[in-house]
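Trainee: Attaching a single structure in structure tokens format; questions to follow.
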Amino acid sequence: MDKLIVEGGRPLVGETRISGAKNSALPVLIASLLSGQPLRVGNIPHLRDITTTLELLGRLGVQLSLNDRMTVEADASQVVDLCAPYDLVKTMRASILVLGPLLARFGEARVSMPGGCAIGSRPVDLHLKGFAAMGAEVSVTDGYIEARAARLQGCRIALDQPSVTGTENLMMAATLAAGETVIDNAAREPEVVDLARCLNAMGARISGAGESRITVSGVPRLGGADHRVIADRIEAGTYLVAGAITGGDVRVRDVDPALLGAVLAKLRDAGAEVDSGGDWVRVRGGGRLGAVNVQTAPFPGFPTDMQAQFLMLNCIADGTATVTESVFENRFMHVEELRRMGASIRMNGNTATVRGVARLSGAPVMATDLRASACLALAGLVADSQTVIDRIYHIDRGYHCIEEKLAGLGARIRRVTASQWRRETERKAA
Ligand code: EPU
């Protein structure tokens, strides 16, 4: 298993390009299942979750071609299988997104029930209730969700919570349903809006994406389209935090600053200098940052996917602040690892109280989920000595070549294989 080796203490300076958004690219690629015409998707990030999605689509019979500029052409004219198996769903929960498109276009689908995961129990009941309201027969047998419907019927669905993939799954299904579907309390995340744009380019009739009520008028079939996915606001936010905590000067480009509102506001509150233009954001750290209270919430609130990075920022900031996780029940796996590096964090339910310390010290630490691992890389950048991060396959799910991008900004960070690392440590011990 690869590890990341980080030597802290350098301010990050320079510019980095932000990749396409993972959480946009996944549903957009899966939307290809809704049509017999090819869908071309550009700005696909080079990530493990994308590879898993392409493998899943390939197994269903989607013909895929990928060029060296990361444009994927997906042709679902010859779908041969309607089942997403356990071995893929267990590695990527977003596989549940094939349920809506398969059910809507082929009248049936079978998807392994996702299990629990490191950030909480993460049920899919809202997806299933929505399909049932559209007239599908839904059951769970032998660990698989099975859904059937001759043709889905448009209806009114009020989500108990604004689930992102729940909204996406139901919105995709509704494009081919008979009549009008209204989704209330819909997720407003930019990735939902991006998917709606792609679906509309394929001939769907969706209005209201980005607002709490989405209305979809079903059409008999969708066609092909060309779509470019939006930039990854979480990747951008992570590099901006890296610039701020190291007292550096980092510019991220190819990203829409409007998608980063809550994150940029908190960086400013912490004392960082933030500027932005049409498709870039620049952050300058300067002196020691001040502690900032953070509470996660659905978009346009502060994103749960940036919680770990800001908790880390508070670990070395001046003062004490609270970080409250309101979206997921158990997204604090990074806290124990940060404590191993000298952070002072007290937990009370879903609130962490973080007292800033002058410095963190490097330590061997373990990545537990995607954003938790990103926060450990950030901690390594400001720690006194060497940090060794294990299980970095979690990072590779959502950050394209994080070590190359950080090294390009001047960080001392490298990836080693387990055997390289063993040889290095044996040499040092000798
Ligand atoms: N929920 C239910 N029932 C459901 C669906 C959701 O109770 O049927 C609950 C969840 O347990 C959670 C809340 O609703 O407490 C919101 O979860 P949501 O469904 O919005 O999360 P998701 O769609 O599974 C997506 C992203 C996550 C991101 C969240 C929140 C994708 C593929 N994943 O997950 O991204 O954290 O929205 O913004 O879009 C990541 O990239 O690291 C990541 C975890």
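Trainee: What is the residue count in region 241-269 for residues that are more than 21 Å from S19 (Cβ to Cβ), out of contact with any helix residue (DSSP H, G or I) (no Cβ under 6 Å at 6 or more places or on another chain) and buried (at least 24 other Cβ atoms within 10 Å of the Cβ)?
Mentor: Within region 241-269, residues that are more than 21 Å from S19 (Cβ to Cβ), out of contact with any helix residue (DSSP H, G or I) (no Cβ under 6 Å at 6 or more places or on another chain) and buried (at least 24 other Cβ atoms within 10 Å of the Cβ) number 0.
Conditions (1) over 23 Å from G143 (Cβ atoms); (2) in a helix (DSSP H, G or I); (3) touching a strand residue (DSSP E or B) at 6+ places or on another chain (Cβ under 6 Å), marked per residue:
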position	(1), (2), (3)
S24	yes, yes, no
I44	yes, no, yes
S77	yes, no, no
V98	no, yes, yes
R105	yes, yes, no
A109	no, no, yes
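Trainee: Within the set of pairs 6+ apart or on separate chains, which have a first residue in region 106-131 that is under 14 Å from L152 (Cα atoms), a second that is modelled with pLDDT under 95 and not in a helix (DSSP H, G or I), and C-beta atoms under 7 Å apart?
Mentor: Correct list of pairs: G107/A150.
Trainee: Follow-up question, since we're still on this one. Collect the residues in region 278-307 that are more than 16 Å from the ligand (Cβ to nearest atom) and part of a loop (DSSP other than H, G, I, E, B), keeping them in residue-number order.
Mentor: Of everything in region 278-307, those that are more than 16 Å from the ligand (Cβ to nearest atom) and part of a loop (DSSP other than H, G, I, E, B) turn out to be G278, D279, G285, G286, G287, R288, L289, A291, V292, N293.
Trainee: Tally time: how many residues in region 388-418 are part of a helix (DSSP H, G or I), over 15 Å from A236 (Cα atoms) and open to solvent by less than 50 Å² (accessible area, probe 1.4 Å)?
Mentor: Looking only at that region, the number is 4.
Trainee: Shifting gears a bit: Take the conditions within 15 Å of the ligand (Cβ to nearest atom) and hydroxyl-bearing (S, T, Y) and apply them to S163. Does it pass?
Mentor: Taking the combined requirement at face value, the residue satisfies it.
Trainee: May I ask you to list the residues in region 327-357 that are of a type in the set (K, R) and either touching a Cys at 6+ places or on another chain (Cβ under 9 Å) or within 16 Å of the ligand (Cβ to nearest atom) (or both)?
Mentor: R331, R355
Trainee: Return a yes/no flag: does region 224-232 have any residue that is away from the ligand (no atom under 14 Å from the Cβ), out of contact with any strand residue (DSSP E or B) (no Cβ under 9 Å at 6 or more places or on another chain) and of a type in the set (G, A, S).
Mentor: Within region 224-232, none of the residues are away from the ligand (no atom under 14 Å from the Cβ), out of contact with any strand residue (DSSP E or B) (no Cβ under 9 Å at 6 or more places or on another chain) and of a type in the set (G, A, S).
Trainee: When you scan region 338-364, how many residues do you find that are touching a residue at least 40 places away in the same chain (Cβ under 8 Å), within 24 Å of I234 (Cβ to Cβ) and open to solvent by 20 Å² or more (accessible area, probe 1.4 Å)?
Mentor: The total comes to 0.
Trainee: Moving on to the next point. Kindly evaluate A367 against the criterion of being free of Cβ contacts under 8 Å to residues at least 60 places away in the same chain, open to solvent by less than 10 Å² (accessible area, probe 1.4 Å) and either among the aliphatic types (A, V, I, L, M) or within 21 Å of R48 (Cβ to Cβ) (or both).
Mentor: Criteria met by A367.
The values are calculated or read from the model by the stated rules, or taken from the named source; none is laboratory data. This one's a predicted model, so the numbers in the text were calculated from it and none came from an experiment. Positions of Cβ are generated from backbone atoms using ideal geometry, with glycine treated the same way; all protein chains shown enter the neighbour counts. SASA here: full protein model, heavy atoms, side chains in, ligands and nucleic acids out. Shrake-Rupley method; radii C 1.70, N 1.55, O 1.52, S 1.80 Å.
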